[in-house]
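Below is one structure, written out as structure tokens; the observations come after it.
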């Protein structure tokens, strides 16, 4: 794995703001993204516990630099692993201070998500290995002790604190609204550093218009300070409105454009080739393809309205990958010519086309010189493609796929077996 990809992963998984007060009694804590803390008069409510280890330890140290009040509640901004794997550290912290355990608060959908994560633990480990190679996730889930459906007001002596369901990156995303302070902690509902990561290649659907509606809901609160998941605090009310409403409008534009093409009978690949993106609309710091990507959104919108068939009848009842690859390989009378064509395409900068062609040989499970050379060549193409694309997830998947090929396999089942040893 290249050091560049590892550094990008590190930056994505750490806060972009240092520990700092937003106003008196309200703080940002450095975590996996910007975590949040608000004093209530007799305690502190925090949003997100961090991934554990040194990061959560730093969060606790930062909080204690601001206040000695006990932590009375931990709110889960959303149920993704890494944002709340540090819960046990906070529980231990309270115990060491002889204070009651904090209430663990989340949206009701978080319970279903954690059940699914525990059921699919092997899959979650493989996905993490693909998307964040080199990172160590604990895969610990601590269920919330209190859940809500739409809106929840928390007890507080000094300020009103409201939790609001804002389905977006996940169906259990919540935001914290402090109306007396005019502060909106948007968390995963507004990344701040990337176009909304809808349609990310390894995750379940995120529903574009639902995310747009959550942006419109947040815009309607009239916040004067916006704490994003990543990036600086936005303190201009007009800019806050513009960011939220512009994001919603952009997502609705995507919906119209994709639906119009689906109504003409286009397949997913045809739509991707036909799309023309409005560069002026995307040319904003919070709409860049750093983690999410326009193409991801297109594919998720397509998935919302149609089934899994890609319009190729060959794929309706596919043969096993090994059998199909063997048949293709047997039909190729001159595999050296295929390798030469791939090299030619690579030299001309047509890396994506070269990837399509090399699969004629690289997908074979044969243990011969041609297959080994094809896999090594495909690994080279993957690394070149990683340099060409901008979104982190795409870069990571090209890089992790290259590593797999260099290890002599095309199957991710071997990865899990190695981890279980």
- Note on the structure: Across region 123-147, the tally of residues that are modelled with pLDDT of 95 or more and within 23 Å of residue 191 (Cα to Cα) stands at 0
- Task: Those residues that are farther than 15 Å from residue 375 by Cα and loosely packed, with under 14 Cβ neighbours inside 10 Å, I need them from region 320-346; list them, please.
- Result: 320, 321, 323, 327, 330, 331, 333, 334, 337, 344
- Item | Conditions (1) more than 24 Å from residue 234 (Cβ to Cβ); (2) modelled with pLDDT of 95 or more; (3) not in a helix (DSSP H, G or I): number failed by residue 51 | (2)
- Query: Consider residue 177 against the criteria (1) within 21 Å of the chain's Cα centre (by Cα); (2) farther than 15 Å from residue 80 by Cβ: it satisfies all of them except one. Which criterion is unmet?
  - Reply: (1)
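Checking the condition at positive phi and buried (at least 24 other Cβ atoms within 10 Å of the Cβ), which residue from 192, 187 passes?
Values: 192 fails: buried (at least 24 other Cβ atoms within 10 Å of the Cβ).
So the residue among 192, 187 that is at positive phi and buried (at least 24 other Cβ atoms within 10 Å of the Cβ) is 187.
Give region 72-87 a look and list any residue that's part of a loop (DSSP other than H, G, I, E, B) and either at pLDDT below 95 or closer than 20 Å to residue 58 by Cβ (or both), or say none. Walk me through how you get there before you give the answer.
Step one: list which residues in region 72-87 are part of a loop (DSSP other than H, G, I, E, B), which gives 76-86.
If the condition is that a residue be part of a loop (DSSP other than H, G, I, E, B) and either at pLDDT below 95 or closer than 20 Å to residue 58 by Cβ (or both), then 76, 77, 80, 81, 82, 83, 84, 85, 86 are the ones that fit.
Could you check how many residues of region 222-240 are surrounded by fewer than 18 Cβ atoms within 10 Å (Cβ to Cβ) and over 23 Å from residue 289 (Cβ atoms)? Full working, then the answer.
First, the residues of region 222-240 that are surrounded by fewer than 18 Cβ atoms within 10 Å (Cβ to Cβ): 222, 224, 232-233, 235-239.
If we keep only those that are over 23 Å from residue 289 (Cβ atoms) as well, we get 222, 224, 233, 235-238.
Going through region 222-240 one residue at a time, the tally reaches 7.
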- Task: Would you mind listing the helices (runs of 4 or more DSSP H) fully within region 192-293 where at least 1 residues are touching a residue at least 24 places away in the same chain (Cβ under 8 Å), farther than 28 Å from residue 389 by Cα and out of contact with any helix residue (DSSP H, G or I) (no Cβ under 7 Å at 6 or more places or on another chain)?
- Result: 208-219, 237-262
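The values are calculated or read from the model by the stated rules, or taken from the named source; none is laboratory data. None of the values given here were measured: they were computed from a predicted structure. Cβ: placed from backbone, ideal geometry, glycine included. Neighbour counts: every protein chain shown.
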